[in-house]
Amino acid sequence: MDSINRMAIELVDEALDFADELGMVAYELDSGATVLDFGVDADGGIEAGLLLTEIQTAGLATIQTRMGDVAGAPLPHVELATDHPGVALLGSQKAGWELEFGDFDGLGSGPARALVGEETDFERLGYYDEFDLTVLAVESVDLPTDEVAAHVADLAGVAETAVFLPAYATGSVAGSVSIAARAAELAVFRLSELGYDPLDVLSVSGSAPVAPVSYDEGVAMGRTNDALAYGGRVYLHVREGFDRFDEVPSTAADEYGTPFEEIFESAGWDFYDLPETVFAPAQVTIDVANGPTHVHGATNEDLLAASFDLR
């Protein structure tokens, strides 16, 4: 496979070329690193969120929107499909890089993680990237600083001028879109954590509603995670059977039925202090090649209607 950072850089170039049309703002830091504001101070919309998701998955997934409904209310949904679920989702899209520098707090996703390769996902995938430019999407209420760029450059082994940082707040349209696109990634991650070989996941499709935007980051974190845990639906085509498929959806977690804003509050808003089982899609269909098709979980539209403040 070609370098996923190279493929993501091509999409970054597209974002730079169409910044005005996307409602995105790009600028250079003093270090020479480039920040692409998709939804911190910028107004980036649905199309910006879709391109942001393409960057996060390094162009290895097809992402689109469709109209669906939640509790009878018409709402946009995001659909993602990929035939490269291991590398695209676990090796790139997963928000696996914690960024904490003084007052700055964020999560990093994207192909820069594959240049570092320290997470267990890369050992399971047997994939590590090499390239002289890199992309790390940063989810934070603040725009990335030179300190963030220097940290990324150091760990990724590239020059600071070679670092590109797409940025977005959870409470933004681009944030709601890109997080809704994580349903498939959560299902593949849950399987991998349960002991299933991620290389045996052959293809995956997922969808989830786009959570209404709130500029209160706590509310936004709750809604976007509720969209996945109570509205996310995923289809997986896999090579081998497994006796723990029923543990993949969010219905298997003890916390199921509790709005995520309450879950986060109980954990002191520490993302990494929560059990991994809570981060899962609501419903999965797992189609075993030349075998049975397993269906587990269920959506919860009443909880979503309350979380989204539908009236």
Label point distance in nm, Asp309-Glu262, each placed 7 Å from Cα along Cα→Cβ: 1.9 nm
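Quick one: dipole size for segment 27-129, taken about the Cα centre, charges +1 on Lys/Arg Cβ and -1 on Asp/Glu Cβ, in debye to the nearest 20.
500 debye
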Positive-pole candidate from Phe260, Phe164, Val138, dipole of the chain, charges at beta carbon: Phe260
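Could you compute the net charge surrounding Val158? Neighbours are other residues with a C-beta less than 14 Å from the C-beta of Val158; K and R count +1, D and E count -1. Don't skip to the answer; put the middle values down first.
Values: positive: Arg6, Arg113; negative: Asp129, Glu130, Asp132, Asp154, Glu160.
Its environment carries a net charge of -3.
Rounded to the nearest 0.05, what FRET efficiency do Ala150 and Met1 have when you use their Cβ-Cβ distance and R0 = 41 Å?
For Ala150 and Met1, the calculated efficiency is 0.90.
With only Lys, Arg, Asp and Glu charged, each at its Cβ (+1 for the first two, -1 for the last two), find how big the charge dipole of segment 151-271 is about the Cα centre; round to the nearest 20 debye. Numbers along the way, then the final one.
On the way: 6 positive and 19 negative charges, 110 e Å.
In total the dipole reaches around 520 debye.
Report the charge-dipole magnitude of segment 4-307 in Debye, nearest 20, computed about the Cα centre from +1 at each Lys and Arg Cβ and -1 at each Asp and Glu Cβ. Before the final figure, lay out each step's value.
Details: 11 positive and 55 negative charges, 244 e Å.
The dipole magnitude comes to about 1180 debye.
At 222 nm, what value in deg cm²/dmol follows for the chain if DSSP H runs of at least 4 each add -39500 (n - 2.57) and the sum is divided by all its residues, to the nearest 500?
Details: 11 runs with 99 residues, N = 311.
The helix contribution divided over the chain gives -9000 deg cm²/dmol.
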Under the Karplus curve 6.51 cos²θ - 1.76 cosθ + 1.60, θ = phi - 60°, whole-Hz ³J(HN,Hα) for segment 33-38, x wherever Gly or Pro sits: 5, 10, 9, 10, 7, 8
Net +/- balance of residues flanking Ala71 in space, Cβ distance below 10 Å, scoring K and R +1, D and E -1: -3
Residue (of Asn5, Ser207, Leu125) at the positive-pole extreme of the chain, dipole from beta-carbon charges: Ser207
Cut-off 20 Å, label 7 Å out along Cα→Cβ of Glu21, residues of segment 33-51 by amide N: 36-39, 42-51
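Each reported figure results from applying straightforward, stated rules to the coordinates on display, with no laboratory input. Not measured: the values here are computed from a predicted model. With ideal geometry, Cβ positions are generated from the backbone for all residues, glycine too; neighbour counts draw on all protein chains shown.
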